[in-house]
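Below is one structure, written out as structure tokens; comments come after it.
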Amino acid sequence: MTASPLAGSTGPTSGPEGSEGGEPITVEQLREHVLATVRPLPAHAQPLMEALGLPVAEDVHSTLALPGFDNSAMDGYAVVQRDVATASDESPVHLPVIGEIGAGQARLTQLAEGTAAKIMTGAPVPAGADAIVPYEWTDRGEASVWISKAPEPGQHVRLRGDDIAEGDLLVEAGTVLTPRHLGLLAAVGRDRVRCRQRPRVVVLSTGSELRDAGQELGHDSIYDGNSFLLAAAARAAGAIAYRVGIVPDDPARFTEALADQLVRADVVVTSGGVSMGDFDVVKEALRDLDTMWFGPVAMQPGKPQGFGTIGEDATPIFTLPGNPVSSYLSFEVFVLPALRRMMGLTPEVRPSVRARVTHSVSSPPGRRQFLRGSYDEDAGTAYVTPIGGSGSHLLGNLAISDALIVVPEDTTALEAGETVEVIRMDVPF
Ligand code: AMP
Ligand code: MG
């Protein structure tokens, strides 16, 4: 037998804890195994716009002061404050205007006593001037100006360094970069900042019944929703998603597609072909690799799972079940934490909240059930309303949900009004 192009070079790896007997393992057992397997990606200097939403991997200090020079906060006249200290409506002060200073066009750099210079917001205050008289307190004169109100000394002058001093810590390592941080970094002249790479996630759907949009549907075929569902979820998590699309239920073609994609993958996510059916292509192609694990997880939906590494670089691969709701849930529960770990984002697992369930629900014993729901708050109390049944094909219901209701393994029923753990799927964390 020739070695699979997907075989690793590091030798066998062990599966999740608790998986030896073939009994279902817990969600945590698989997730801990996943998180112990994936590594944070290396950090490098990334263009600012690429760094949005990533934790910065360096302390960034300013090499500049902000503002970089004393400048005007108003459109008006730069003056020597003493010259205008007595100005009022009753006895305005009259000064000759010696020139104009625009932002980015400041040729006039000195102001003598007894004169004024027109100045625009952001333009450098000339040496000798120590206050700005806004237009509103003047007759807006060109050659000379009448000033009818006195500014305080220093008024409307933004001093060099009053925002940021040279050497100031701008962003501490670990800070997740927001648009506000990026604005600040750009303002001190940075065009790059060190962050971990975003994982490149290759998403592949398996199933001979699958078709692309635009293709004709036969009596037994369906459109491939999962590759969009999963690629979009990867992108929403901050990763770079490559949606490969459809691979038929043919182990050789699946292996070939996977081997082709490995060069650009930090993570592979497949859907379908991991349950107990006759054409479970993913399992068939990968089950002999000693770096792969397949088995049941005590959850609903999403019972059949597979995870491991493939290829020379030991690229992590998640083989998710094909039913759309199972696929999405498995992504949420296993893939999302892995992607966050690779980017250095914490917490890795999405935090949950507690809410009162508005209707009674039932749940199978021994499995953690993730029901779809909609979250709401009313007068300080959190509620969650179940949406649809537990069927893992109910994509319509999934789409209108924004929460997952987590019914523990040992709970088989919840009455309306009981408090339950809820995962809010669209809340940033
Ligand atoms: P499987 O896990 O391959 O046995 O698939 C389970 C169910 O999910 C079957 O009804 C499949 O037709 C369906 N399914 C699998 N892959 C997809 C996909 N990419 N998009 C939509 N439905 C799918
Ligand atoms: Mg299938």
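Computed from the coordinates by the stated procedures, all read-outs in this text should not be read as laboratory data. Since the model is a prediction, treat every value here as computed from it, not as a measurement. Note: ideal-geometry Cβ built from the backbone for every residue, glycine included; neighbour counts use all protein chains shown.
Observations
- Computed on the Cα trace of the chain, the radius of gyration divided by the Kirkwood hydrodynamic radius gives Rg/Rh = 1.21.
- Candidates G15, G366, G141, ranked by Gaussian network fluctuation over the chain, Cα under 10 Å, top entry: G141
- The local environment of S227, defined by Cβ-Cβ distances under 11 Å, has a net charge of -1 under the rule Lys, Arg +1 and Asp, Glu -1.
- Using just its DSSP H runs of length 4 or more, each adding -39500 (n - 2.57), the chain gives a mean residue ellipticity at 222 nm of -4500 deg cm²/dmol after division by all residues.
- For M342, M120, M49, order by how many other beta-carbon atoms lie within 10 Å, fewest first: M49, M120, M342
- Neighbour net charge for E113 - beta-carbon separation under 12 angstrom, K R +1, D E -1: -1
- Here the Karplus relation 6.51 cos²θ - 1.76 cosθ + 1.60, evaluated at θ = phi - 60°, turns the backbone of segment 137-145 into coupling constants of 9, 9, 8, 6, x, 9, 7, 8, 9 Hz, with x for every Gly and Pro.
- Sorting W293, W146 by the number of Cβ atoms found within 10 Å of their own Cβ, with the fewest placed first, yields W146, W293.
- Estimated distance in nm for a label pair at D260 and D162, the labels positioned 7 Å out from Cα along Cα-to-Cβ: 6.3
- Calculated from backbone phi, Karplus (6.51, -1.76, 1.60) coupling profile of segment 71-80 in Hz, x at Gly/Pro: 9, 7, 8, 9, 7, x, 10, 7, 9, 8
- Look at where the Cα atoms of segment 10-74 and of segment 380-407 average out, and the two centres are 29 Å apart.
- Amide H contacts of V274 (H built 1.01 Å from N, under 5 Å, at least 5 apart or other chain): G322
- Annotation: amide H of A382 within the under-5 Å range of R356, sequence separation 5 or more or interchain, hydrogens built in the peptide plane.
- Annotation: extensible slack from Q155 through A36 equals 37.0 nm (criterion: 0.36 nm per residue apart, minus Cα-Cα distance).
- Here's how it looks for Y242: its modeled amide H is under 5 Å from those of V201, V202, V203, which are all 5 or more places away or on a different chain.
- H94 versus D212: modelled label distance in nm, points set 7 Å from Cα along the beta carbon direction: 8.1
- Under the combined filter of DSSP loop state and at most 13 neighbouring Cβ atoms within 10 Å, segment 171-242 retains these GluC sites (Glu not before Pro): E172, E216.
- For the chain, the Cβ-based charge dipole about the Cα centre amounts to some 340 debye (Lys, Arg positive; Asp, Glu negative; other atoms uncharged).
- Among I240, I25, the ranking by other beta carbons within 10 Å of each residue's beta carbon, starting with the fewest, stands as I240, I25.
- Degrees separating the helix 251-261 axis from the principal Cα axis of the chain, which is the longest one: 20
- Fraction of antiparallel bridges per DSSP, the chain only, in percent to nearest 5: 70
- Measuring nothing but alpha carbons in segment 68-153 and taking Rh as the Kirkwood radius, the Rg to Rh ratio lands at 0.93.
- Rounded to the nearest whole Hz, the Karplus-based 3J(HN,Hα) values (6.51 cos²θ - 1.76 cosθ + 1.60, θ = phi - 60°) of segment 230-245 follow the sequence 7, 5, 5, 5, 5, 5, 4, 7, x, 8, 9, 9, 10, 8, 6, x, with x at glycine and proline.
- Paramagnetic reach from S362 in segment 404-428 [backbone N under 12 Å; point 7 Å along Cα→Cβ]: 412-414
- Length-normalised contact order of the chain in % [C-alpha pairs under 8 Å, at least 6 apart]: 17
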